[in-house]
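One structure below.
The values are calculated or read from the model by the stated rules, or taken from the named source; none is laboratory data. These numbers come from a predicted model, not from an experiment. Quick reminder, even Gly has a Cβ in these numbers, built from the backbone with ideal geometry, and neighbours come from all protein chains shown.
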Amino acid sequence: MKEYISYFRSEIDSMQGYVPGEQPKGGKIIKLNTNESPYAPSPAVRQALQDFDYEKLRLYPDPVFTELKEEIASQNGLSPENVIAGNGSDDILTITARCFTSKDKPLASFDPSYSLYPTLAGLQGAPYIAVPLDKDFNIPSNVMEQVKDANCFMIARPNAPTGNLYPKKEMEKICAEFNGIVFIDEAYGDFAEDTCADLVKKYSNVIVSRTFSKSRCLAGLRFGYALAHEKIIEGMVKMKDSYNVAMLTQKLALASLRDKEYFARHIERIKENRAELTSELARLGFKTIPSQSNFLFTIPPCGGEKYFLELKKRNILIRYFPAERTKDFVRITVGSKEEHSCLLQATKEILGM
């Protein structure tokens, strides 16, 4: 066989790809590591799936997801021209990186935050600017000085993996002063006390994204969308794949959007479970950052790594990030009450209680 040599761009050879959370196969596993919902999607989604005419799959889907755009725009007080959809919000992030980063257009984000952001910069051969959060994982006072050379600033709000919510006043100040694109990733925004979606109406450099993976119980569907000024959307559409949202995905996502009552109940259920789990862990000596997401970022009394490994032995998966600033913590997805009961019982065993 001909000896292998690399044909990749040098940036690809040198970069480290994004590492997703573990997806186990088989066995009885309590999975609290990837921030999926513990509950089923809306019954309206099930009905739409049952009613779907499979013969239509011989045709291409609507490349501009007309019905979905109209519904999303209506629910956000915007026009369809302000909406783009994708194969999960990661697709929207990739389109954004293609549009606004390059070797002379750096990408910035906070650290720690969603680890896909620096990967996206690497894929475009763009310099990456990591902006360290302060000791409490809040926005540093000199943030604008640190990002002055960037063309795109990606901000997860609520932040991942920490779960905290940056004050909206500080977010608006960044939008007003930053000379580039401010991408506000609201993957967990439905669980938070407020949203930055309205800033799209005030600032032409703002993009706000949402995903159906968390709050709408549809991680397996792969659907996300973004809101922005019509000229921003117009440019982003040029960079998307021709048919980046499947026909079936469009039908099921639309059904979920229209079932507002189920969505509201699900959000309240997760918030209730979040509060209860936070309280129970506090009784066991955990120190948890106040969460506005569907997960907790917390310091176990026995140490982050040990707790993660001990739970794994008991078939309970959570997430551990071994970096210097996050090594004391673990991230625990908010699950069902039954899952929490198993988690807490295992925790008491690990702590010798």
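Numerical summary
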read-out	value
Count of residues meeting criterion [over 25 Å from residue 117 (Cβ atoms) and at pLDDT 80 or above] in region 7-39	5
Region 224-243, residues that are out of contact with any Leu (no Cβ under 8 Å at 6 or more places or on another chain) and crowded, with 19+ Cβ neighbours inside 10 Å	224, 226, 228, 232, 233, 236, 240
Matching residues in region 202-224 - criterion: being at negative phi, more than 12 Å from the chain's Cα centre (by Cα) and not β-branched (Val, Ile, Thr)	202, 203, 204, 205, 216, 218, 220, 221
Answer residue from region 161-183, given it is closer than 17 Å to residue 137 by Cα and under 14 Å from the mean Cα position of the chain (by Cα) and is surrounded by the most Cβ atoms within 10 Å (Cβ to Cβ) among those	163
Residues of region 15-32 satisfying the condition of being touching a residue at least 40 places away in the same chain (Cβ under 8 Å) and among the small types (Gly, Ala, Ser)	17, 21, 27
Set 186, 193, 234: member being over 20 Å from the mean Cα position of the chain (by Cα) and either closer than 30 Å to residue 330 by Cα or in the same structural domain as residue 71 (by TED's automatic domain parsing) (or both)	234
Subset of region 292-313 (residues that are part of a loop (DSSP other than H, G, I, E, B), free of Cβ contacts under 8 Å to residues at least 60 places away in the same chain and under 23 Å from residue 115 (Cα atoms))	300, 303
Lone qualifier among 115, 109 - being more than 18 Å from residue 181 (Cβ to Cβ), within 15 Å of the chain's Cα centre (by Cα) and polar (S, T, N, Q)	115
Residue, surrounded by the fewest Cβ atoms within 10 Å (Cβ to Cβ), within region 310-325, restricted to residues that are farther than 11 Å from residue 32 by Cα and in contact with a Phe, Trp or Tyr (Cβ under 8 Å, 6 or more places away or on another chain)	321
Given (1) closer than 30 Å to residue 77 by Cβ; (2) free of Cβ contacts under 8 Å to residues at least 60 places away in the same chain, index of the condition residue 141 fails	(1)
Failed item, numbered, when residue 255 is tested on (1) among the small types (Gly, Ala, Ser); (2) in contact (Cβ under 8 Å) with a residue 24 or more places away in the chain; (3) over 21 Å from residue 75 (Cβ atoms)	(3)
Tally, over region 14-30, of residues that are of a type in the set (Val, Ile, Thr) and surrounded by fewer than 11 Cβ atoms within 10 Å (Cβ to Cβ)	1
Only one of 61, 38, 24 that is in a loop (DSSP other than H, G, I, E, B), closer than 21 Å to residue 244 by Cβ and of a type outside the set (D, E, K, R)	61
Test: residue in region 131-147 that is touching an Asp or Glu at 6+ places or on another chain (Cβ under 8 Å), surrounded by 22 or more Cβ atoms within 10 Å (Cβ to Cβ) and closer than 25 Å to residue 214 by Cβ	no
Of residues in region 40-71 being acidic (Asp, Glu) and either modelled with pLDDT under 95 or within 26 Å of the chain's Cα centre (by Cα) (or both), the one farthest from residue 237 (Cα to Cα)	71
Residue pairs meeting the criteria (Cβ under 7 Å; at least 6 apart or on separate chains; first under 30 Å from residue 296 (Cβ atoms), in region 33-56; second modelled with pLDDT under 95 and surrounded by fewer than 20 Cβ atoms within 10 Å (Cβ to Cβ))	33/21; 33/22; 34/21
Filter result for the condition that a residue is touching a residue at least 12 places away in the same chain (Cβ under 8 Å), touching a strand residue (DSSP E or B) at 6+ places or on another chain (Cβ under 8 Å) and more than 25 Å from residue 110 (Cβ to Cβ), over 316, 289	316
Cβ-Cβ under 9 Å pairs, at least 6 apart or on other chains, region 191-210 side in contact (Cβ under 8 Å) with a residue 40 or more places away in the chain, far side basic (Lys, Arg)	191/214; 191/271; 191/274; 192/157; 197/210
Conditions (1) touching a Ser or Thr at 6+ places or on another chain (Cβ under 9 Å); (2) over 23 Å from residue 235 (Cβ atoms); (3) crowded, with 21+ Cβ neighbours inside 10 Å; number of the one not met by residue 110	(1)
